[in-house]
Amino acid sequence: MVAEKRRGTMSNPGVIFVLFQSAIVLGVMGAASLYYRYQPLYSYIAGINLATFILMGTDKLQAQRNGLRAPESSILFGGLIGGILGVYAGIWVFRHKTQKAKFILYLVLITFLQMLPLIYFSEYIRGLFHY
């Protein structure tokens, strides 16, 4: 019996999507470094948010076409490493993953975890901008 490969599946699609995100981040970091005179944090944040936004749009398109989907873990990982605004923008623009309660819960937890250092260091950060 010959094993058929099901349409829209592969052995580990998460690796492909993480590589895709990495390529976009590096590209945006390179382009943004020219504008920001190489401020790597700004470049990284812009790149990872753009990557997760594009990943959300690609996943929505593939869902409509019954094609190769991005695993939720790849999207959540993109949000965890700094692309949370890109994920939220993708949800809003593409109306994607709005009915997935578990996915939304993870996003809220990631957002909260990313806000903890800002809350903890808020006095220090406020002092940086005090004239």
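The values are calculated or read from the model by the stated rules, or taken from the named source; none is laboratory data. Computed from a predicted structure; not experimentally measured.
All of GLY78, GLY67, GLY57 fail the test of being under 16 Å from THR111 (Cα atoms) and not charged (D, E, K, R), apart from GLY78. Of the helices (runs of 4 or more DSSP H) lying entirely inside region 1-97, those carrying at least 1 residues that are at pLDDT 85 or above are 40-65, 72-78, 84-94.
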